[in-house]
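Colleague: Encoded as structure tokens, here's the structure I'll be asking about.
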Amino acid sequence: MPMLRIETSAELGADKARDVASKGSALLAKTLGKPEQYVMTSVSRAAAMSMAGKTDTPCAFCVVRSIGGLSPDRCKELSRILCDFIQAELGVAPECVYLNFAEIDADSWGWDGTTFG
């Protein structure tokens, strides 16, 4: 049920994108205390993006969605953890990363032909 989507202008190959998706899955499951079997990650690479009007500096936009578990304190923690992760894995500085957190109602999250609600 947790979802991590990373869109970045950083140049990375398909193997590295898959590695980041795998590591991001484990990181999100651990941080949220959710079973990894329900975590989905998506890494979109080489996107045309700008930050502060500049296109020559790598940047990233991340979305975290979850059924519960995204309190204000948890979002601050995730912001720090994900910015560190993106800097280490993609070379994108934390000041060039925007994050968006959204709690989704279980009735509005579908999976396997039904919903979690």
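Colleague: Each residue of the range 34-48 in order: what ³J(HN,Hα) in whole Hz does its phi give by Karplus 6.51 cos²θ - 1.76 cosθ + 1.60, θ = phi - 60°, with x for Gly and Pro?
Modeller: Rounded to whole hertz, the list is 10, x, 5, 4, 9, 7, 10, 10, 9, 10, 9, 10, 6, 6, 7.
Colleague: List residues of the range 2-18, by number, whose backbone nitrogen lies under 15 Å from a label position 7 Å along Cα→C-beta of T57.
Modeller: 9-10
Colleague: With angles folded into 0 to 90 degrees, how steeply does helix 72-90 sit against the dominant principal axis of the chain? Use alpha carbons for both and round to 10.
Modeller: Rounded to the nearest ten degrees, it is 40.
Colleague: Quick one: what are the phi-derived ³J(HN,Hα) couplings along the range 94-103, Karplus 6.51/-1.76/1.60 with θ = phi - 60°, whole Hz, x for glycine and proline?
Modeller: Calculated HN-Hα couplings, in order: x, 6, 10, 10, 10, 10, 10, 10, 9, 8 Hz.
Colleague: Given the range 3-109, what percent of its DSSP beta bridges are antiparallel, to the nearest 5?
Modeller: Numbers: 7 of 19 bridges.
Antiparallel bridges: around 35 percent, rounded to the nearest 5.
Colleague: Please arrange F116, F101 by counting, for each residue, the other beta carbons lying within 10 Å of its beta carbon, fewest first. Walk me through the numbers on the way to the answer.
Modeller: Numbers: F116 15, F101 19.
Least crowded to most crowded, the residues run F116, F101.
Colleague: Want the number for Q87 to D73: 0.36 nm per residue separation, take away the alpha-carbon distance, what's left? All intermediate terms of the calculation are to be shown ahead of the outcome.
Modeller: Numbers: separation 14, 0.36 × 14 = 5.04 nm, distance 2.14 nm.
Value of the extension gain: 2.9 nm.
Colleague: Calculate how steeply helix 14-32 sits against the longest principal axis of the alpha-carbon atoms of the chain, using the helix alpha-carbon long axis, and give the answer as 0 to 90 degrees to the nearest 10.
Modeller: Approximately 50 degrees, to the nearest ten.
Colleague: Cα extents of the range 3-109 along the three principal axes, largest first, in whole Å?
Modeller: So the extents along the principal axes, rounded to whole Å, are 40, 28, 24.
Colleague: Still on this structure, I have one more. Fewest to most neighbouring Cβ within 10 Å: what's the order for S66, S79?
Modeller: Details: S66 22, S79 17.
The fewest-first ordering by Cβ neighbours comes to S79, S66.
Colleague: Which aspartates and glutamates have a Cα less than 15 Å from the Cα of K23, not counting those fewer than 8 places away in the same chain?
Modeller: Partners found: D15, E36, D84, E89.
Colleague: Taking a spot 7 Å from the Cα of F116 along the direction of its beta carbon, which residues of the range 24-41 have an amide N less than 12 Å from it?
Modeller: 29, 32-40
Every read-out reported here was derived from the displayed coordinates using simple, explicitly stated rules and does not represent laboratory data. Keep in mind that what you see is a predicted model, and the values were worked out from it rather than measured. Backbone-built Cβ (ideal geometry, glycine too); neighbour counts: all protein chains shown.
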